[in-house]
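The values are calculated or read from the model by the stated rules, or taken from the named source; none is laboratory data. The structure displayed is predicted, hence computed values, not measured ones. With ideal geometry, Cβ positions are generated from the backbone for all residues, glycine too; neighbour counts draw on all protein chains shown. We work out accessible area using only protein heavy atoms, side chains counted, and drop any ligands, DNA or RNA first. Shrake-Rupley method; radii C 1.70, N 1.55, O 1.52, S 1.80 Å.
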Amino acid sequence: LKLTILKLAIQDSPSLAMLAAPSFAHLPLLDLTPSGWSSGSSSRPLSQRFWQAEPQRGAQGWTCSSVFGCTTVAASACALVTACSRASGQAPRGQRRRGRGCVVRLSSEDAEPKYPWSFTGRVRFRPAFVSAPSGPVAEGVQVLSLFGITVGGSVCLEYDMSPVGPYLEVVQMAAVVFSERLWTLALWGSRLMVSDAMADSANGDVWGVPSECRDISFEAGGPPGVVTDAEGRLRIGDWGGMTFADAGAETWGQLPIWWTPTLKALWAPLSPWCDESKGGSLPLRRLRLSASALRLRWAPVGDGVDSFGGLTGGGKGAFGGPRTESFRVPMPFVVEVDGVLIEIGEIFDGL
């Protein structure tokens, strides 16, 4: 009834239409979001959708998240469409006209995802069979294992460009985990080590990643794995051939991934079900991965390589810190990526 009255009032009163048009036409972006929903809300199911008014291309905008009930949402949307459709000939001289540029659409995202931070370089991943942790990794995050064995590995990254400049990074991957909240899988890293103090500081201050600064070097020769010593230094060998992409090759992929920096876990971006009674306290970000070249290479290693033995103390890993594995068998192959582009998005939900 309210919608009908509002529509008839605007249609039957030219003066009211003239008043309504400028009042709506000056809004570059009106975000009609039900109260309580936000991009950082941990209680909102991922499948929730909302109405969003989108301006014509080139407009600069702001959002207003204040709507009082479903009736107000529908009435506001109706008034906006009606006003915009009649505003084309009524806008004052010199005022930007919206007219047919105002469109109301149904969106499954809070907004177009933004990726403010980017990293470029190359990466090597070696999977391994490892002993599974005995308890949950975090609230609502359980380890998946078979006869006490799960999948972990090592990730070695050389960043040519990052928000803090070039540096090296090594991650000890410890288990495949399952989110009881989002019903999806991830590979969890129990320890993240970087070669630069600024990178270590930015990890915690900007993204909330527990990391530690170590003496790390990537060497052209040697075994293609991580070798540690009693002083906690890390040497990654056979790095001389890691620049294998063609000169000037463009990146491709833009593979979406979800990331919980506090947990150092990379999640499959699929959530068939959301159980809001589980978890929700860990920030969840979007990642986007691209690359110029990728290869699978046979690269077996001997005893003591990729074992992360000798790494004691100094750990800042969340939820119990770095763990010592009683069983670890590196697989005899590696996945190597050159020209990698890692883009980090804002927090969009909770895990």
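Is it the case, given these coordinates, that Trp188 is open to solvent by less than 50 Å² (accessible area, probe 1.4 Å), assigned to a strand (DSSP E or B), of a type outside the set (D, E, K, R) and on the phi < 0 side of the Ramachandran plot? Against the criterion (open to solvent by less than 50 Å² (accessible area, probe 1.4 Å), assigned to a strand (DSSP E or B), of a type outside the set (D, E, K, R) and on the phi < 0 side of the Ramachandran plot), Trp188 qualifies. Is there a residue being part of a strand (DSSP E or B), closer than 30 Å to Pro136 by Cα and open to solvent by less than 20 Å² (accessible area, probe 1.4 Å) anywhere in the range 231-245? Scanning the range 231-245 turns up at least one residue that is part of a strand (DSSP E or B), closer than 30 Å to Pro136 by Cα and open to solvent by less than 20 Å² (accessible area, probe 1.4 Å). Out of Leu296, Leu284, Leu270, one residue alone is touching a residue at least 12 places away in the same chain (Cβ under 8 Å), under 21 Å from Glu346 (Cβ atoms) and open to solvent by 70 Å² or more (accessible area, probe 1.4 Å). It is Leu270. Going residue by residue through the range 192-206, is there one that turns out to be open to solvent by 10 Å² or more (accessible area, probe 1.4 Å) and either part of a strand (DSSP E or B) or at positive phi (or both)? The answer is yes, given that some residue of the range 192-206 is open to solvent by 10 Å² or more (accessible area, probe 1.4 Å) and either part of a strand (DSSP E or B) or at positive phi (or both).
Here Ala318 does not fit the description of being open to solvent by less than 40 Å² (accessible area, probe 1.4 Å) and modelled with pLDDT of 95 or more. Can you confirm whether the range 198-212 contains a residue that is closer than 22 Å to Val340 by Cβ and over 20 Å from the mean Cα position of the chain (by Cα)? Looking through the range 198-212, at least one residue is closer than 22 Å to Val340 by Cβ and over 20 Å from the mean Cα position of the chain (by Cα).
Here the range 207-216 is the region considered, the condition is being open to solvent by 20 Å² or more (accessible area, probe 1.4 Å) and either of a type in the set (Asp, Glu) or on the phi > 0 side of the Ramachandran plot (or both), and the residue that is modelled with the highest pLDDT is Asp215. Go through the range 207-230 and give me each residue that's in contact (Cβ under 8 Å) with a residue 60 or more places away in the chain, in a loop (DSSP other than H, G, I, E, B) and under 19 Å from Trp298 (Cβ atoms). If the condition is that a residue be in contact (Cβ under 8 Å) with a residue 60 or more places away in the chain, in a loop (DSSP other than H, G, I, E, B) and under 19 Å from Trp298 (Cβ atoms), then Pro223, Pro224, Gly225 are the ones that fit. Checked against (1) in a loop (DSSP other than H, G, I, E, B); (2) within 20 Å of Pro261 (Cα to Cα), Gln142 passes all but condition (1).
For the range 252-267, the set of residues classified as surrounded by 20 or more Cβ atoms within 10 Å (Cβ to Cβ) and either free of Cβ contacts under 8 Å to residues at least 60 places away in the same chain or assigned to a loop (DSSP other than H, G, I, E, B) (or both) consists of Pro261, Leu263, Lys264, listed by residue number.
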